[in-house]
Amino acid sequence: MDVGWVVRRFLQLFGTNPAAKKAMMGNGSGALPSFQDIDDVDIVLADETTQDSSAARHGFLKKLSGNATDYMDGSGNWSVPPTNAHAAEHLSDGADPIDFSLIIGKGADGSEPAATPENEGYLYVIDNLSSGNQLIRSNGTSWDPITAPAGELADFISTTFAAAILLLQPLSEKDQPDGYAGLDSSGVLNGAQQKYGTTANTACEGDDARLSDDRDPNAHATSHQSGGGDAIKLDDLAAPDDNTDLNATTSAHGLLPKLSNVSTEFLNGVGAWATPAAALDINGLTGETSISDADYLALYDASAAANRKMLRSDLFKQPSFSVHRNGTDQTGVTSGVLTKIQFTTEEFDTNGFFDNATNYRFQPTLAGKYLITLTAQFNSVVDGQFGSITAIYKNGSPHKLGSTVPNGNSSDTRSVCTAIVELNGSTDYIEGFALHTHGTNRDLEGAANCTYMMGVRVSP
């Protein structure tokens, strides 16, 4: 194609006039084209946001939110416009709290008193504004409105403090009919404003005869008794004082004397707190027609008119024992080692608390304090080798250690240990141990008067 011809032909058809509104036809001629109008029915709307208006360009309006309280903000979003509400800042915890106790009156605009240093900070309510009530505050020389958007503070006052504002009356209504009673300079209610009389809603004057009538109350003691109309309960009375006026006696019922605060004391028949004398309960004792056993005590049960007997050991409860080795030495005792003495023979054991067959120990089932004595003698111990030591063991550990006692024989040595031991009556037990320092094994003397242990309960 000859491009130059196309350009020359275009200039012939259109020249330099852009308003020629001609088009080059397919056959190379120029003619005015015909256009078809576009109707709104030919335009299709869709949920497409690419052509919406933005901060960078013009465009379509964003589709509506469907909420009548929404407005399009400058960022192109539908939202509820913020208000300039700030009535809350006038509450007690707000930035500009209003003390409504400072309101000194209300009235039409211009009825407020002159602003003076004396009423600086006080409030006045203007009640004839078209927008509702309005507060003004004295600055000492003039009245300043407490500002807020139109009608907002007025609504706030009307709804939140309506009751308080309705009670406000201008100073001109003080001491007036249908007005309000005022106080005089000393803070006393004006007498002329007070209604006196003898009927309801009236006051009694100071010279009223009723005030000086010292009428005695009607007798009504029965109303406070049990079954009365105003019965008094003991637990409704005030706390009593510390006196004995109404305490029980041998001639009349009364109150319980105050407690002694001693758990072992009891109230006796004369109204005193005392510790009762110990008594022996014989109800469970065996009935007897005669008493002959040497180990029993004779008792007489007056309630049953019968004799009773009781073992003396049951009455006094003082278990005791005495054990030894019955003349047989305990051989081969290692030097320098505390060794348990195996007491095989009982001289006596009142309650069977000593085990002389297996563990060789005293384990009572009655708690208390026991006096224990342990003696042991070693034979043929070299003179000057310290001799021997005895030890009373409690629950498998040394409790008390004894000392060496010379027996007059340079080759034998004896040790004695005595102690009062507290036992719990269940798990506690006592054993006897002995030690010598001869250097080689020695024998423990078995004579009953040389090696032995004994004990007795001396107190609870």
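The values are calculated or read from the model by the stated rules, or taken from the named source; none is laboratory data. Just so it is clear, the structure is predicted and the values come from calculations on it, not from any experiment. Every residue, glycine among them, receives a Cβ derived from its backbone with ideal geometry; neighbour counts consider all protein chains shown.
The set of residues from the range 419-459 being of a type in the set (D, E) and modelled with pLDDT of 95 or more comprises E422, D428, E431. Please find, among A434, A448, the residue that is of a type in the set (G, A, S), in a strand (DSSP E or B) and in contact with a strand residue (DSSP E or B) (Cβ under 8 Å, 6 or more places away or on another chain). The unique qualifying residue is A434. The set of residues in the range 197-251 being surrounded by 10 or more Cβ atoms within 10 Å (Cβ to Cβ), charged (D, E, K, R) and out of contact with any Phe, Trp or Tyr (no Cβ under 7 Å at 6 or more places or on another chain) consists of D208 alone. Per the listing S403, S380, the residue uniquely in the same structural domain as T334 (by TED's automatic domain parsing) and either within 60 Å of the chain's Cα centre (by Cα) or among the aromatic types (F, W, Y) (or both) is S403. In the range 244-268, of all residues being under 45 Å from the mean Cα position of the chain (by Cα) and small (G, A, S), the one that is modelled with the lowest pLDDT corresponds to G254. Candidates are the residues of the range 55-71 that are under 60 Å from the mean Cα position of the chain (by Cα) and aliphatic (A, V, I, L, M); the one that is nearest to P81 (Cα to Cα) is A68.
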